[in-house]
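Have a look at the structure below before the remarks.
Just so it is clear, none of the values below were taken in a lab; they were calculated from the coordinates. Keep in mind that this is a model prediction, so the values were computed, not measured. All Cβ positions, even for glycine, are placed from backbone atoms using ideal geometry, and neighbour counts span all protein chains on display.
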Amino acid sequence: MATSTKTKLIAKRSSKYLEEALYRRLFREGSSPASVRKELTLFLKSRKRAFKWEVGVSIRKLRDRKCFRPALKVH
């Protein structure tokens with residue numbers, strides 16, 4: 001009996017979701033706190049949605065890079 005896993009295809013999202021993964025969008029211009037803060041503010045203003053797993057991955061990556069304040073803002 002083979003088990004299959006669900007793959008979360010980002011390419012097949014509806015228009016109410018982000019066009020790319022949240023963590024990629026946050027670190028698009030580098031991992032400096034100012035650029036992460038700017039991208040996070042733009043994401044929150046856009047009213048687009050992100051999947052729950054994306055938010056978890058993004059928070060982990062922000063904490064790994066010592067960006068604690070943006071991680072709290074996402075959470």
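A few remarks follow.
- Taking a straight Cα-Cα cut-off under 17 Å and skipping sequence neighbours fewer than 8 places away in the same chain, the aspartates and glutamates within cross-link reach of residue 38 are 20, 29.
- Within the range 19-34, backbone nitrogen closer than 13 Å to the virtual label 7 Å beyond the Cα of residue 66 toward Cβ: 32-33
- Among 74, 57, 36, the order by Cβ neighbours within 10 angstrom, fewest to most, reads 57, 74, 36.
- Global form of the range 22-74, assessed from the alpha-carbon gyration tensor, a/c cut-off 1.5: oblate
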